[in-house]
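Q: If you scroll down you'll find the structure; I have some questions about it.
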Amino acid sequence: MIVESNETKGDLFYEEFYKKGGWSYSYWREYWWHRKQIVKRFGLRRGMSLLDAGCGNGFHTHLFKRMGFQSVGVDRSRAGIEWAKKHYPETIYHCCDLFDMPFAHNSFDVVLARGLSHYHYNLAGRKAITATAELLRFVKPGGLFSLVIITDLSGRKPVDDVWQNTLADYRKHMSLFSDEYQVDWYKGMAICSCRKEAEPVGAQTTREISIVGD
């Protein structure tokens with residue numbers, strides 16, 4: 001998860017959290033879940049380049065590397081990236097902000113946002129829309145952007161907590177960026193994707209995106 005300032009927890013919380021190891025995962029449970037729900041669902045292949053945006057302590061970046069992907073993880077938490085480099089030294093990690101990543105545009109076959117905090121709130125707002133637009137800049141034409149995030153689909157929007165967005169909310173968000181998108185839900189997780197549209201040389205996009213609120 002890329003660390004957010006001025007949210008309910010904030011940078012300091014996550015810096016301390018990642019210093020202590022961050023989230024605890026079962027390797028094989030996560031392996032088979034992502035193998036089925038991401039790799040097979042979207043037809044990904046070994047050898048593809050994959051950017052794990054908001055990688056936290058780097059566990060899932062390393063997981064995809066073990067699956068045969070050329071995976072790279074980024075997170076703005078220094079503690080998270082230091083942990084990742086120490087425990088998964090054979091995997092590449094960068095400490096940077098989402099809007100200041102050190103890659104050329106159109107660099108990755110897949111960009112994965114797993115639990116990224118931008119998508120825990122208003123999917124029609126500026127934060128979520130600008131995040132997706134920015135991440136898509138790094139997807140190769142015809143490549144895939146995938147969002148995986150927890151929700152109970154109730155549509156609840158608590159003032160002081162994360163929103164429980166519906167499948168309709170995710171479909172509306174993904175449709176802003178591509179006509180080829182997919183939104184599913186499995187045991188508490190929204191699993192979404194959209195294909196980056198390949199445009200003719202010299203063409204300009206005519207897709208209009210409306211932003212509602214912040």
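The values are calculated or read from the model by the stated rules, or taken from the named source; none is laboratory data. Only a predicted model underlies this, so the values are computations on that prediction, with no experimental measurement involved. Cβ: placed from backbone, ideal geometry, glycine included. Neighbour counts: every protein chain shown.
Q: Can you pull out the residues in region 168-200 that are in contact with a Leu (Cβ under 6 Å, 6 or more places away or on another chain) and free of Cβ contacts under 8 Å to residues at least 24 places away in the same chain?
A: Selection gives V183 alone.
Q: Taking W28 as meeting all but one of (1) over 14 Å from the mean Cα position of the chain (by Cα); (2) within 28 Å of D160 (Cβ to Cβ), write down the number of the exception.
A: (2)
Q: Answer with yes or no whether R41 is modelled with pLDDT of 95 or more and either farther than 20 Å from R171 by Cβ or surrounded by 20 or more Cβ atoms within 10 Å (Cβ to Cβ) (or both).
A: When the stated conditions are applied, R41 does not pass them.
Q: Within region 119-132, how many residues are in a loop (DSSP other than H, G, I, E, B) and either without any contact (Cβ under 8 Å) to a residue 12 or more places away in the chain or under 18 Å from V74 (Cβ atoms) (or both)? I'd like the intermediate steps shown before the answer.
A: Step one: filter region 119-132 for residues in a loop (DSSP other than H, G, I, E, B), giving 121-125.
Remaining after also requiring either without any contact (Cβ under 8 Å) to a residue 12 or more places away in the chain or under 18 Å from V74 (Cβ atoms) (or both): none.
Total meeting the criteria: 0.
Q: For a quick check of your reading of the model, give me the residue pairs whose first member lies in region 79-96 and is part of a loop (DSSP other than H, G, I, E, B), whose second is modelled with pLDDT of 95 or more, with beta-carbon atoms closer than 6 Å and at least 6 apart or on different chains.
A: Y88/G58; Y88/H62; T91/T61; T91/H62; T91/K65; C96/V74
Q: Let me ask another. Looking at region 46-67 only, could you name the residues that are among the polar types (S, T, N, Q) and closer than 15 Å to L144 by Cα?
A: S49
Q: Residue by residue through region 1-25, note down the ones that are of a type in the set (S, T, N, Q) and either at pLDDT 95 or above or under 14 Å from D75 (Cα atoms) (or both).
A: The initial filter retains those residues of region 1-25 that are of a type in the set (S, T, N, Q), namely 5-6, 8, 24.
Passing the criteria: only S5.
Q: Follow-up. If only one of L135, L116, L147 is free of Cβ contacts under 8 Å to residues at least 60 places away in the same chain, within 20 Å of Q37 (Cβ to Cβ) and buried (at least 20 other Cβ atoms within 10 Å of the Cβ), which one is it?
A: L147
Q: Still on this model: Can we say D109 is assigned to a strand (DSSP E or B), at pLDDT 95 or above and among the acidic types (D, E)?
A: yes
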